[in-house]
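Single-structure report; data block below.
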Amino acid sequence: MELREVDQVLKEYGYEESAILPILQDIQDRDRYLAKEVCEHIAEKLSIPVARVYRLATFYRAFSLTPRGRHLVSCCMGTACHVRGAPRILDKLEMDLSIEPGGTTKDLMFSLEAVNCLGACATGPLVVVDGHYYGHMTSMKVDSVLKEYKKPPKGKKDEGKTKKSRRSGKAEAGASRRKGPQ
């Protein structure tokens, strides 16, 4: 994200220090991570120490200081999922994506994480991709799930559609209402 785009986000929130979390969330939503230059710019523009920005960015797990993939793949490793084969699912994901949990593919298409519990124990083992739950997962099903997200976007997707930002309530051009892979 260019710094002028960061300035636009800051302007939307009136350069208010109290809006630091939604500011960081909006930037994270656009870039999928918070770049060093962006954090420093935010601190400068809000007249706060850069350490405060980093403290928030490292405290909340939703934020990342390293580039993330376009699609976030979460494999539940909670007890219910674990006893139903989650370790095999995670092994298959690692093998297919050639990354370990916490990693991102070289093409920045996927990031993989192993999580303690996703709260859908009855459907375990469970994999979540971009907020879409895939229950009763098996190693054989991993290929078909990943294949859906590897499809290249068709033309200029989401052209002309809008949706409201969940934080600011303002319309965002080009945002999709579509479910599933994008």
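Bear in mind these aren't lab numbers, they're just calculated from the coordinates by the rules spelled out. The structure displayed is predicted, hence computed values, not measured ones.
For segment 34-51, 3J(HN,Hα) computed residue by residue from phi via the Karplus equation (6.51, -1.76, 1.60; θ = phi - 60°) reads 10, 6, 4, 4, 5, 4, 5, 5, 4, 4, 4, 5, 8, 6, 10, x, 4, 4 Hz, glycine and proline entered as x. Sequence-distant contacts, meaning Cα pairs under 8 Å at least 6 residues apart, place the relative contact order of segment 3-59 at 33 percent.
Between His71 and Phe110, Ser111, the built amide H atoms are under 5 Å apart, and every one of these is 5 or more places off in sequence or on another chain. The phi torsions of segment 122-131, fed into the Karplus equation with coefficients 6.51, -1.76 and 1.60 and a -60° offset, translate into couplings of 5, 9, x, x, 10, 10, 10, 10, 6, x Hz, rounded to whole numbers, with Gly and Pro shown as x. For Ala114, the residues whose modelled amide H falls within less than 5 Å of its own, excluding neighbours fewer than 5 places apart on the same chain, are Cys75, Gly102. For segment 51-138, the equivalent ellipsoid built from the Cα gyration tensor has semi-axes of 24, 16, 10 Å, listed from largest to smallest. What the phi angles of segment 80-95 give under the Karplus curve with 6.51, -1.76 and 1.60, with θ = phi - 60°, is a coupling list of 4, 5, 4, 6, 9, x, 4, x, 5, 5, 4, 4, 5, 4, 4, 5 Hz, glycine and proline written as x.
For segment 3-59, a Kirkwood hydrodynamic radius built from all Cα pairs, placed in the Stokes-Einstein relation at 20 °C and 1.002 mPa s, yields a translational diffusion coefficient of 196 µm²/s.
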